[in-house]
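Here is the structure we will look at, set down as structure tokens.
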Amino acid sequence: YIERQIVLFDALEDAAFKEVNDMDGSGSLKQLNLSIEEQKKDIELTEKLKDFKVRLVLTAHPTQFYPDNVLGIINDLAKAIANNNEKHIYSYLQQLGRTPFFNKQKPTPYDEAISLVWYLENVFYPAAGNIISSFKAAHPNSFKTNNSIINMGFWPGGDRDGNPFVTTEITIKVANALRGAIIKCYYNDVRKIKRRLTFKNIDTALALLEEKLYKNLFVPEYVLDFNKEELLKTLYNIRFQLEYEHNSMFIYLVDDLITKVEIFGLYFASLDIRQESTVHTKVLESLNNQYHFLPNQYEHLTEAEKVECLFSINRSIIFESVNESFAKETLQSFQAIKTIQQINGENGCNRYVISMCKSALNVVEVFALFALSGWKETNISVDIIPLFETITDLQNALEIMEFLYQNPYYQKHLHQRSNTQTVMLGFSDGTKDGGYLMANWSIYKAKEQLTALSKQYNIDVVFFDGRGGPPARGGGKTHKFYASMGSNISNKEIQLTIQGQTVSSNFGTTDRTQFNLEQLINAGISNSLFNNKHYGLRAEQEALIVQLSTISLDAYNKLKNNPYFVEYLQHVSPLRFYTDTNIGSRPAKRGTVGTLTLGDLRAVPFVGAWSQLKQNVTGYYGVGSALQAIEAMGKWDEIKHIYDQSLFFRTLLDNCEMAMKKCHFPLTAYLKNHPQYGEIWKMIFAEYELTKEYILKLSGKKTLMENYPIDQLSIQMRERIVLPLTSIQQYALIKIREMEDANIESNIKQGYEKLAMRCSFGIINAGRNSA
């Protein structure tokens with residue numbers, strides 16, 4: 001019943017989206033167009049649009065509990081509400097009452113991919129086309145390159161990090177599904193265009209195009225017999241005939257399809273491959289034990305010597321002869337990239353992300369695996385992307401990238417990749433590792449330092465942000481972060497992950513998608529064209545933020561280092577039942593050892609557990625302690641000045657407010673006198689109260705999120721709807737602990753465990769606007 005209340009509220013918000021958001025206001029492309037016209041920035045815009053892009057990468061991180069059929073009902077219900085169709089509203093609500101809200105089995109990576117393909121077909125395809133077509137119409141002379149501005153990325157089926165269920169077969173299958181989905185979209189558009197373009201010769205050309213798309217879509221085992229360039233050539237020929245023979249009648253229909261083909265090609269979304277660095281090390285060790293392509297004393301060499309050895313590998317390995325199955329599978333994944341590029345085009349799969357990258361050697365190991373799987377050194381048409389996640393890794397990123405930039409082999413590779421280096425910066429593990437302030441500041445400084453370093457070596461650096469979900473995972477008012485970066489940080493492109501419920505909450509409808517995509521495009525372009533309006537940080541102000549972050553880190557570490565910290569999360573929250581929810585194919589932790597450690601625990605369940613406790617520790621902890629300490633040092637006026645003038649710092653605390661607004665400590669107040677967990681609960685509550693006091697003092701506001709009244713009301717309503725579920729879940733967890741303390745195993749205990757797990761669905765879904 002409560003879950004269905006939440007669905008109804010989701011649909012109401014979707015239906016009202018255009019009413020409560022100014023689609024043409026601040027951050028929109030219309031507002032950007034006016035600013036460009038007023039300040040005569042057309043020349044600068046043309047230069048910017050040569051290579052500026054916004055890339056949204058859809059991931060399968062399991063924070064979305066709605067199954068596909070429920071997402072479809074939400075979509076239909078929102079339309080019925082917007083049209084005030086009472087008959088359909090009533091029918092859809094009845095349908096919800098009979099529709100299961102949970103999966104009986106875990107989805108496969110392919111299932112996850114197909115779920116997200118629905119958004120590509122029904123939301124991103126029309127929205128991206130609308131945005132770029134209207135932008136082209138406003139600035140026809142600025143679009144002279146083949147840059148489509150909007151790119152889509154895709155992780156389900158390619159993200160192998162800790163997911164044993166992603167195989168090479170799955171990767172190829174997902175790439176084929178993506179190609180089939182985009183061809184279907186083109187086929188449907190061509191059929192619609194045929195109804196208008198009934199003119200001589202054009203009707204014949206369209207019929208031939210329709211037939212070709214049909215065969216590639218519906219005829220089994222049909223081999224793809226065209227590419228993006230051929231498709232565009234056909235459409236441009238039709239456009240030419242319309243312009244010069246038919247007075248440009250309905251030419252906008254062809255222009256819109258051309259724009260979509262330029263954006264999506266034959267791949268729809270670029271499939272990224274991701275794997276954890278230690279896996280590459282183990283695979284190389286296994287292969288070397290069998291084939292002996294490295295020196296006998298390799299493990300005793302320096303990092304520089306190992307790098308030289310790995311770059312010198314010039315042999316390939318026949319997959320069938322590899323003894324270890326995990327090594328064979330890894331090598332085949334490298335070959336799969338080539339296969340996908342041959343069919344879907346190079347953009348179909350041309351990025352390899354190395355998670356938990358801790359050294360230059362971790363990057364070079366990937367080059368070695370490319371060589372061993374048959375790629376030629378001069379023809380690796382793939383961007384190798386290191387992902388720096390922990391605070392230490394972020395701080396070491398500068399040294400790692402400088403080592404690579406200086407290496408002659410790596411320089412050759414970058415030259416082949418247009419002297420462009422993509423670096424991914426992960427937020428979630430940084431927050432888990434160092435707390436909210438230190439994670440944010442470490443990423444900001446890493447970007448600033450890597451921008452300066454890359455300029456020194458004439459490299460264009462592109463930052464790919466692992467942001468998404470709630471503020472504690474780098475979400476929140478994301479576009480404001482990009483608008484606040486200033487000129488010291490490269491903004492050649494905006495790239496970020498769209499995770500879990502963020503897909504449906506920010507990009508679940510065409511209106512939402514158009515609004516949020518425009519906000520990101522506006523932020524990236526405005527930051528270049530009008531960056532003088534943003535207040536930069538002076539050296540002494542940066543030093544103060546460093547001091548603030550360090551104090552915050554110390555406070556967070558005191559909490560994290562409490563001997564009962566992980567146990568608290570395991571027993572007070574539903575963390576240990578996370579894998580039973582059947583919402584994602586990936587395990588909740590990286591390690592295979594039975595004992596849960598903070599290092600092995602993935603950031604998604606870590607942050608999700610705090611969210612269900614209504615404590616949201618990773619979104620604010622340490623901020624209050626840091627602000628109090630700064631005030632005690634007599635530096636309050638300085639930090640207040642930074643808050644008033646720096647959009648970056650203000651956005652940081654705005655998102656902190658959002659995390660705090662979703663806290664509700666009366667839910668767990670019974671723990672304050674618990675013999676083991678009472679101390680932790682008191683520490684968290686005290687920090688919450690302190691942070692709230694100092695943020696309100698700093699902002700001059702009376703309530704949290706006062707500047708965002710619509711979001712504030714939405715959160716309040718959702719928290720009221722979900723309160724019975726959080727209460728029931730805590731009751732179930734209390735009963736489970738009591739039975740465990742008494743060593744009681746029974747069906748009743750299993751019932752409480754199922755109850756605690758099932759409550760998670762509605763609690764998480766109600767937090768939709770946490771993104």
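The mean sequence separation of alpha-carbon pairs under 8 Å and at least six residues apart, normalised by the residue count of the chain, gives a relative contact order of 16 percent.
Under the combined filter of DSSP loop state and at most 16 neighbouring Cβ atoms within 10 Å, region 154-201 retains these trypsin sites (Lys or Arg not before Pro): Arg195, Arg196, Lys200. Cα-based radius of gyration for region 42-174, normalised by 2.2 N^0.38 Å, reads 1.39. From Cα pairs below 8 angstrom and at least 6 apart in sequence, can you work out the relative contact order of region 20-105, rounded to a whole percent? Here the relative contact order equals 23 percent.
For region 299-330, backbone nitrogen atoms closer than 17 Å to the point 7 Å from Lys376 Cα along Cα-to-C-beta are found at 313-317. Label zone (Thr420, point 7 Å along Cα-to-C-beta; backbone nitrogen cut-off 16 Å) within region 344-375: 346-353. Under a model in which nothing but the beta-carbon of Lys, Arg (+1) and Asp, Glu (-1) is charged, region 155-234 shows a dipole of about 500 debye around its Cα centre. The Cα atoms of region 622-679 define a convex hull whose projected area, averaged across directions, is 5.4 nm².
For Thr278, the accessible surface of its heavy atoms amounts to roughly 60 Å² (probe 1.4 Å, protein chains only, rounded to the nearest 10).
Please report the spacing between the Cα centers of region 363-411 and region 700-754 in Å, no decimals. Region 363-411 and region 700-754 have Cα centres separated by 44 Å.
Once divided by 2.2 N^0.38 Å, the Cα radius of gyration of the chain becomes 0.96.
Here is how the number arises for the chain: DSSP H runs of 4 or more residues each give -39500 (n - 2.57), the sum is divided by the residue count, and the result at 222 nm is -19000 deg cm²/dmol. Cα centroid separation, region 100-168 to region 597-675: 32 Å. Could you compute the FRET efficiency for Glu303 and Gln456, with r as their C-beta to C-beta distance and R0 at 22 Å, rounded to 0.05? The pair Glu303/Gln456 has a calculated efficiency of 0.55.
Per residue, the convex hull spanned by the Cα atoms of region 107-188 amounts to 112 cubic angstrom. Long hydrophobic helices in the chain, taken as whole DSSP H segments with a C-alpha length of 18 Å or more on their own axis and mean Kyte-Doolittle hydropathy at least 0.5: 68-82, 251-264, 360-372.
Averaging 1/r over each pair of different alpha-carbon atoms in region 205-343 and inverting the result gives 19.7 Å, the Kirkwood hydrodynamic radius. Once you have a ≥ b ≥ c as the square roots of the Cα gyration tensor eigenvalues for region 22-92, tell me rounded if a/c is under 1.5, and otherwise prolate or oblate according to whether a/b is larger than b/c. Taking the square roots of the gyration eigenvalues as a ≥ b ≥ c, region 22-92 is oblate. Take the Cα of Ala669, step 7 Å toward its Cβ, do the same at Asn69, and the gap between the two points is 4.2 nm.
Applying a DSSP loop filter and a limit of 10 other Cβ atoms within 10 Å to the trypsin sites (Lys or Arg not before Pro) in region 594-681 leaves nothing.
Annotation: amide H of Val461 within the under-5 Å range of Gln421, sequence separation 5 or more or interchain, hydrogens built in the peptide plane. Peptides 236-244, 512-520 ranked from most to least packed, by the mean per-residue count of other Cβ atoms within 10 Å: 512-520, 236-244. Proximity of backbone amide H atoms, modeled 1.01 Å from N, is registered between Ile494 and Lys53, Val54, Arg55 at under 5 Å, excluding neighbours fewer than 5 places apart on the same chain. Cα centroid separation, region 264-287 to region 13-54: 35 Å. Protein heavy-atom surface of the chain, 1.4 angstrom probe: 50% of the accessible area is carbon and sulfur, with nucleic acids and ligands not counted.
Remark: the Asn247-Val546 segment gains 101.3 nm on full extension, using 0.36 nm per residue and subtracting the alpha carbon distance.
Ordered from highest to lowest accessible area with the whole protein assembly present and a 1.4 Å probe, Glu567, Glu47 read as Glu47, Glu567.
The values are calculated or read from the model by the stated rules, or taken from the named source; none is laboratory data. A quick note: this is a predicted structure, and the numbers were derived from the prediction, not measured. Every residue, glycine among them, receives a Cβ derived from its backbone with ideal geometry; neighbour counts consider all protein chains shown. Keep in mind that these areas ignore ligands, DNA and RNA; they rest on the heavy atoms of the full protein, side chains included. Shrake-Rupley method; radii C 1.70, N 1.55, O 1.52, S 1.80 Å.
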